[in-house]
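J.: Could you have a look at this structure, given as structure tokens, before my questions?
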Amino acid sequence: MFGFGRLFHYTVDAFLISVVLAGIKRSTGLSPRVSNVGNKDLRQLANTYLELGEWGMDLMMYASNEAASSCDSDVVVVSALRTPMTKGKKGGLKDTLPEEMLLAAFKGVVDQSGIDPKLVEEICVGTVLQPSGGANTARMAQLAAGFPVTSYVSTVNRQCSSGLAAISTIAKSIQAGEIQAGIGAGVESMSRDFGPQSLSATNSEVVTQNQLAADCLIPMGITSENVAAKYSISREEQDAFGALSFQKAEAAQKAGKFLSEIVPVTTTVVDLKTGESKLIVVSEDDGIRAGTTKESLSKLRPAFKEGGSTTAGTSSQVSDGAAAVLLARRSFAVEHGLPILGRFVGASTVGVEPAIMGIGPATAIPKVLATRGLTIDDVDFFEINEAFASQALWSQRELGIPDDKLNRVGGAIALGHPLGATGARQVATAYAEAKRSDAHIFVTSMCVGSGMGMAALFTSEA
């Protein structure tokens, strides 16, 4: 006789062998038996569990396909829309207040989904630069959009991932049974709030004696230079990556691919030359530079460091914009006749060294995939925020993502990066792309200032 511990290990080993045998049986039609395993007890258990192996294979197949399965408790995406992304200080939304951009996004998802605003219980808004964390402006936009006074709002600031963090917050509220439907959103008016005024005037000398803490203050452009130097990403490679982002975005815009994800914004803009105000409708992104090539970008000077390799053409644009994603419990969506675009499967966040914060996607993406037993090959496409060409390119290479699966309609280098909105904007862009290409599984991800990364896994059912 042998003890319980040995029996347990033998049982586990036998089960694994039985799964392999079941696989042989399924693929060849043969019925193998275990006769050459040296240990008699293990051989007996393996043969005993051969039929169990068939069930084991089914269990493993279920685990591998879990991201594709559905049940009443799923968190589903009902609508995902964004405003145009426009150039900071120069673009069509430069004079539009954050609450006005949010209002447009909120109304957009309500109109598109047909949901009764009274059914939306909670809203979370990602925003980075607004005074007082944007709490008042988020609540104002919520109420102006017609959501009931009993609904509630919060804001979140995890820098570039704030919009995705807001979506994740709402998803967790649904998963916990606290709400049935809510909105994860993001907004940023970099025209108004980006600059020295958004930074702390002083920092603790005590805290910054810790080098990692001090590195949190490194300018983002320098972190790009750090990534380029550490991982040997050349200037030429960065220029090629940046040019491709512009070219993909230009082609997508000309083909009308962004129309289904954009909510036009009626707003007042002040003419920079005459000072006159006029009412306009902003309906498309205005930061996409037509005709951009690797050669034209190669003429730009380094933007952050003498002799550096990162330029304005290989960095994300300073932009204004908002986006909103309406989520619900699947059973609730079905009960109320709401459209289902797909499923929010899960999100993961990681920490990395602040000095090379751009590598965040390369660690966050494997983490979120591992939670569902998936690999890079299982994903149809990726939306990785292009904070800088250096970090986006390195993340792509490190993960082995094929060119045709990355940022199919361009990224933040071409479209812009309104900090709090990007995480939600990517989801709107991704669902539009998934519908066009009949894709089923996609991932959105970004690096995060001060040394983090975030990624989320979604499925499409449209």
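We did not get these values from a lab; they are worked out from the coordinates using the rules stated. Because the structure is a prediction, the values reported are computed rather than measured. All Cβ positions, even for glycine, are placed from backbone atoms using ideal geometry, and neighbour counts span all protein chains on display.
J.: Rank-order 145-151, 240-246, 358-364 by packing density, defined as the average count of other C-beta atoms within 10 Å over each peptide's residues, highest first.
T.: Values: 145-151: 15.4, 240-246: 23.9, 358-364: 27.6.
The densest-packed peptide leads the list: 358-364, 240-246, 145-151.
J.: Find the relative contact order for the chain and round it to a whole percent, using C-alpha pairs within less than 8 Å whose residues are 6+ positions apart.
T.: 24 percent
J.: In this model, which of 367/405; 87/172; 118/254; 299/367; 254/299; 89/305 are farther than 29 Å apart at the alpha-carbon?
T.: 87/172; 118/254; 299/367, as the Cα separations exceed 29 Å there.
J.: Take every DSSP beta bridge whose two residues both sit in the chain, then give the antiparallel share in percent to the nearest 5.
T.: 75 percent
J.: Any chance you could run the full-extension gain for residue 397 through residue 206? It's 0.36 nm times the residue separation minus the Cα-Cα distance, nm to one decimal.
T.: 64.9 nm
J.: Got a sec to turn the phi values of segment 120-132 into Karplus ³J(HN,Hα) couplings, 6.51 cos²θ - 1.76 cosθ + 1.60 with θ = phi - 60°, whole Hz, x for Gly and Pro?
T.: Once rounded to whole Hz, the list reads 7, 8, 9, 10, 10, 10, x, 7, 10, 9, 5, x, 6.
J.: Could you go through segment 328-344 in sequence order and give the Karplus-derived ³J(HN,Hα) for each residue, using 6.51 cos²θ - 1.76 cosθ + 1.60 with θ = phi - 60°, rounded to whole Hz, and x for Gly and Pro?
T.: 7, 5, 4, 4, 5, 4, 5, 4, 9, x, 8, x, 10, 7, x, 10, 7
J.: What value, in deg cm²/dmol to 500, does the helix sum -39500 (n - 2.57) over DSSP H runs of n ≥ 4 give at 222 nm once divided by the residues of the chain?
T.: It lands at -12000 deg cm²/dmol.
J.: Using the Cα centre of the chain as origin and beta-carbon charges of +1 (Lys, Arg) and -1 (Asp, Glu), tell me which of 394, 88, 355 is placed farthest towards the positive end of the dipole.
T.: With unit charges placed on the Cβ atoms, the residue in question is 394.
J.: Further, regarding this structure: What FRET efficiency would be calculated for the residue pair residue 335, residue 172, taking the C-beta separation as r and a Förster radius of 25 Å, to the nearest 0.05? Could the numbers behind the result be given before it?
T.: Numbers: r = 21 Å, r/R0 = 0.85.
The pair residue 335/residue 172 has a calculated efficiency of 0.70.
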